[in-house]
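Heads up: the structure comes next, in structure tokens.
The values are calculated or read from the model by the stated rules, or taken from the named source; none is laboratory data. Predicted model only: the values in this text are computed from it and were never measured. Here the Cβ is made from the backbone with ideal geometry for all residues, glycine too, and neighbour counts use every protein chain on show.
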Amino acid sequence: MRPTVTQRGNQRNFRENQEKKEMQQKKKRNCRFTEAGTIWIDYKDEKLLRKFISEQGKIIPKRITGTSAKYQRQLVTAIKRARHLALLPYVSDAIK
């Protein structure tokens, strides 16, 4: 039994998509804290913590920043502590 025209087209599209995926290799992000040899993230380091907060005041996820799971947990805890002590805002002033 011969494949129909649509089956041939689907096979070709599938092959083309596979080739595109192979060509688009994602660049691996390295954790900046691991590279620097950071032991603990300090909640009082306001400049560092602001780099991991969006303009809206949300914590940027690790898939975007490239931090490891260990340091992402420390980062979230430090940001929440800094917010509680009013070192960082919960919400940005630009939204209000």
(request) Write out, first by first residue and then by second, each pair whose Cβ atoms fall under 8 Å of each other, whose residues are 6+ apart or on separate chains, and whose first residue, in the stretch 18-34, is more than 24 Å from Gln72 (Cβ to Cβ) while the second is at pLDDT 90 or above and exposed (fewer than 12 other Cβ atoms within 10 Å of the Cβ). (result) none
(request) Evaluate the following for Ile53: is it surrounded by 16 or more Cβ atoms within 10 Å (Cβ to Cβ), of a type in the set (A, V, I, L, M), under 20 Å from Ala36 (Cβ atoms) and under 13 Å from the mean Cα position of the chain (by Cα)? (result) yes
(request) Say whether the condition of being in a loop (DSSP other than H, G, I, E, B), acidic (Asp, Glu) and at pLDDT 95 or above is met by at least one residue in the stretch 87-95. (result) no
(request) Quick one: count up the residues across the stretch 23-54 that are modelled with pLDDT of 90 or more and among the polar types (S, T, N, Q). (result) 3
(request) Determine if the stretch 70-85 includes at least one residue that is free of Cβ contacts under 8 Å to residues at least 40 places away in the same chain and exposed (fewer than 11 other Cβ atoms within 10 Å of the Cβ). (result) no
(request) Give the number of residues within the stretch 67-86 that are part of a helix (DSSP H, G or I) and over 14 Å from Ala36 (Cβ atoms). (result) 12
